[in-house]
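Colleague: For reference, the structure I am asking about is given below.
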DNA sequence: GCCGTTTTCGGCCCGACTGTTTTCAGTCG
């Protein structure tokens, strides 16, 4: 079983316990363990073999035993017993907005409702309104929720939510009396996908802001409208929430709304240990007097910490690191001085070699690698050896025009074929300036096979970079099933760089793997994989992913000068 | 169910909003 599959089992257990009405902390414990397994960054199997399961945060004796049982047998007796009281289907009902465990439990107990379809029918027949705590409005709300569920496609990729939120912020900043407006929540933490867009505004007259927010032309439904908090759903299915606070409380409010929830638990604990209480309104002393914070810097300073960048706020050790003055010096977009992965009209790109070079220069880059696809990727017009040699002539011509202004490297994004063989022989790879290898096809192969394919590329001394290692596509296509520990180990041995692909559909390596990679001393590259100059804008998403993985500029090859990059390449095969 | 430089037992963040009530329960973030 994969970490994700184990995590899904524990998430389900948590959901069912909640519906059953167990003490809420038991539910939270299972969810915490699921979260930890997802964020482990290495196959839990190795931790299991080392007998160190309880070293995983949130995993104690009971959950460790359950992991052991699942890894040995693939089953969990505890879950099977639990399902006698609470069928697993009920967990699905929790995905309906405004429907929680108590009501799901009530509907099952009183009416035997197990599926969304059955619930919908009961609501339409007016059977829910007479249950305790229910009424006509609640019944209608459930039907609304079921309908919105069918419209929503789950989480929104960061690449869609970010520009949408920027547009929204621009409108809100124009509202009279608005002092500041910022995105918060998972969007500000730059998670690869976001659920809702959280917006925080500092204003003296909250009413005007929330009115403008709910009356915006894009709004399809108003889900809530209060003095402090409002939420809406837009016609595109996206949802946003707005909090409005007084300017002098903006710092505590922004810190609170940015989360993550687990990070906030840590900061609150720290506040409590200092005799303070941290809320979205203010920091309270024991005598209930307030410390107002207009900025986040003041919030963190009050609890004895330096400001923590939002990308780190996931409760992955950042509070401890901040306490010890050991926060990483995170990479920034301005540190990027090279693009080492792009396409031209020679394969499936939109512009010529020279046009891409000019675009790179405009961004201030000093190095550009032209890396068109190789011939196995027929759909992208991949290059044969002959066409690759033809392309070299055009590269040479472009170099003459560019002079010293840009180091133009001739490379390839070479297919790792389904049988693990590579598209070009070693002498061609040696002749190229830079070699990227990647998987595009056969990504549903079994783990053993996929891993072997990757290893055959990494262990070739001419391969410099592995692009988008798992080949996932957000929000829905999972990556190849890979033994990442084996891949990291080989990359570390060979000094092969792993790419963080900045395309918001990819963001691959993800943050967790990026962090693991740098811990093992593996060089990273952040590339946009541009098929058009506009795609070079994606670099911000790639850098954000790196920052979430605690990556510093020194870990990333393309923060280097042309001379340093050449020297790295010539030291390799 | 997890966790511990005050605790191996007793905590575990808590406030806004909605719809149901007539002071509160459920849901959400």
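FYI, it's all coordinate maths here, none of it is from the lab. Quick caveat: nothing in here was measured; it's all calculated off a predicted structure.
Colleague: Measuring from centroid to centroid over Cα atoms, what is the spacing of the range A:363-414 and the range A:1-61 in Å?
Modeller: Here the two parts' Cα centres lie 47 Å apart.
Colleague: Given 4 °C and 1.567 mPa s, how large is the Stokes-Einstein diffusion coefficient of the range A:333-571 in µm²/s, with Rh as the Kirkwood radius over Cα pairs?
Modeller: The calculation lands on 74 µm²/s.
Colleague: Now a separate question. Given 5 Å bins starting at zero, what is the percent of C-alpha pairs of the range A:262-323 in each, up to the one with the largest pair distance?
Modeller: All Cα pairs, binned at 5 Å, distribute as 4, 19, 32, 27, 13, 5, 1 percent.
Colleague: With the Cα gyration tensor of the range A:411-482 in hand, give its eigenvalues times 5 under a square root as the equivalent ellipsoid semi-axes, listed largest first in whole angstrom.
Modeller: Computed over the range A:411-482, the values are 22, 13, 9 Å.
Colleague: Please work out, to two decimal places, the log10 of the ratio I(q)/I(0) at q = 0.09, 0.23 Å⁻¹ from a Debye calculation in which every Cα of the range A:455-573 carries one identical scatterer.
Modeller: -0.22, -1.45
Colleague: Give the distance, in whole Å, between the Cα centre of the range A:298-324 and the Cα centre of the range A:103-179.
Modeller: 34 Å
Colleague: Could you state the number of Å between the C-alpha centres of the range A:517-573 and the range A:327-353?
Modeller: About 8 Å separates the Cα centre of the range A:327-353 from the one of the range A:517-573.
Colleague: On C-alpha positions alone, give me the angle between the axis of helix A:3-20 and the longest principal axis of chain A, in degrees, nearest 10.
Modeller: Its long axis makes an angle of about 10 degrees.
Colleague: Mind listing P(r) for the range A:321-448? All alpha-carbon pairs, 5 Å bins, whole percents.
Modeller: 2, 10, 19, 19, 15, 12, 9, 7, 5, 3, 1, 0
Colleague: How much length, in nm to one decimal, is gained on full extension between residue A:5 and residue A:326, taken as 0.36 nm per residue of separation minus their Cα-Cα distance?
Modeller: 112.2 nm
Colleague: Another question, then. Given the range A:153-214, report the % of alpha carbon pairs whose separation exceeds 19 Å.
Modeller: So the pairs more than 19 Å apart make up 32 percent of the total in the range A:153-214.
Colleague: Next question. How tilted is helix A:101-111 with respect to the longest principal axis of chain A? Cα atoms for both, answer in degrees (0 to 90, nearest 10).
Modeller: 60 degrees
Colleague: Give me the tail of P(r) for chain A as a percent: Cα-Cα pairs with distance above 45 Å.
Modeller: In whole percent, the long-distance tail amounts to 24.
Colleague: Distances over 17 Å make up what percent of all Cα-Cα pairs in the range A:387-521?
Modeller: 61 percent
Colleague: Can you pull a Stokes-Einstein diffusion coefficient for the range A:272-363 at 4 °C (1.567 mPa s), Rh from Kirkwood over Cα pairs, as a whole number of µm²/s?
Modeller: Estimated via Stokes-Einstein, D reaches 75 µm²/s.
Colleague: For the range A:3-149, just the Cα set please: Rg and Dmax, both in angstrom.
Modeller: Cα-based Rg and Dmax for the range A:3-149 come out at 17.7, 56 Å.
Colleague: Against the longest alpha carbon principal axis of chain A, how many degrees, from 0 to 90 and to the nearest 10, is the axis of helix A:24-38 turned?
Modeller: That helix lies at roughly 0 degrees to the long axis.
Colleague: Based solely on its DSSP helices, what 222 nm [θ] is calculated for chain A when runs of n ≥ 4 H residues each add -39,500 (n - 2.57) and the sum is averaged over all residues, nearest 500 deg cm²/dmol?
Modeller: That calculation yields -13000 deg cm²/dmol at 222 nm.
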